[in-house]
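As structure tokens, the structure follows; a few thoughts come after it.
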Amino acid sequence: MKIIINNCVNIILLIAMLASFQSSGQGIEKVVKSDSEWKSILTPEQYYVTRENGTELAFSGEYDHFYKEGSYICINCGNLLFDSESKFDSGSGWPSYFEPAKEQSVDIIEDRLFGMVGKEIVCAKCNAHLGHVFEDGPKPAGLRYCVNSVALSFTRLNKKK
Ligand SMILES: [Zn+2]
């Protein structure tokens, strides 16, 4: 959203707009903690992957070949991220999903940390690094959300129940 402010009326409109956006419930309540707070609640591997954009070894994660029915929540904040219905075996060595549980579950950001332009998946609530999204997934969306097991926690509770 690009907003150019050139007079007071626009500023007032902008404030009104932001206020209504916050109260409409569309904005997700963010979970913000300091690095030392995250370190105190996460294992070193969880911290490395989710807070330092790390990647677990392929085929090493506990959810790579795991197909129980349920949901996957963020290991950092408990936000619902993915459902078992959208999980598939991509053969990549990481848990793969063709869509997030809800459109607003995750944010997609450009990732330049690996010296290439890819699309990083982060938790929409706490900005935890989850993995990357690729455009070689199954139809119709053709997307593959490639996620580190370490960033996830499986729960049998399903959003539809
Ligand atoms: Zn989170």
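Checking each residue in the range 79-106 for being within 21 Å of ASN127 (Cβ to Cβ), touching a strand residue (DSSP E or B) at 6+ places or on another chain (Cβ under 8 Å) and either assigned to a loop (DSSP other than H, G, I, E, B) or of a type in the set (Gly, Ala, Ser) (or both) picks out ASN79, TRP94, PRO95, GLU99, PRO100, ALA101, LYS102, SER105.
Could you check the range 120-136 and list, in sequence order, the residues that are within 17 Å of LYS87 (Cα to Cα) and touching an Asp or Glu at 6+ places or on another chain (Cβ under 9 Å)? Hits for the range 120-136 are ILE121, LEU130, GLY131, HIS132, VAL133. Select from the range 36-48 the residues that are within 15 Å of the ligand (Cβ to nearest atom) and without any contact (Cβ under 8 Å) to a residue 40 or more places away in the chain and write down the one among them that is nearest to SER153 (Cα to Cα). Result: LEU42.
If you go through the range 120-133 one residue at a time, do you hit one that is modelled with pLDDT under 95 and exposed (fewer than 12 other Cβ atoms within 10 Å of the Cβ)? Checked against the condition, which is being modelled with pLDDT under 95 and exposed (fewer than 12 other Cβ atoms within 10 Å of the Cβ), the range 120-133 yields no hits at all. Only one of the listed residues (LYS68, LYS102) is more than 14 Å from the ligand (Cβ to nearest atom) and either in contact (Cβ under 8 Å) with a residue 24 or more places away in the chain or in contact with a Gly (Cβ under 8 Å, 6 or more places away or on another chain) (or both). That residue is LYS68.
Just one of (1) more than 16 Å from the ligand (Cβ to nearest atom); (2) farther than 16 Å from HIS129 by Cα fails for GLY118. It is (2).
Checked against (1) farther than 18 Å from GLU69 by Cα; (2) surrounded by 21 or more Cβ atoms within 10 Å (Cβ to Cβ); (3) not aromatic (Phe, Trp, Tyr), PRO100 meets all criteria but (1).
Residues in the range 57-97 that are more than 20 Å from SER153 (Cβ to Cβ) and hydroxyl-bearing (Ser, Thr, Tyr) were compared, and the one that is surrounded by the most Cβ atoms within 10 Å (Cβ to Cβ) is SER90. Annotation: TYR48 fulfils all but one of (1) at pLDDT 95 or above; (2) part of a loop (DSSP other than H, G, I, E, B); the unmet one is (2).
The values are calculated or read from the model by the stated rules, or taken from the named source; none is laboratory data. In this text the structure is predicted, and so the values were computed from the model without any measurement. For neighbour counting, all protein chains shown are included, and Cβ atoms are generated from backbone atoms with ideal geometry for every residue, glycine included.
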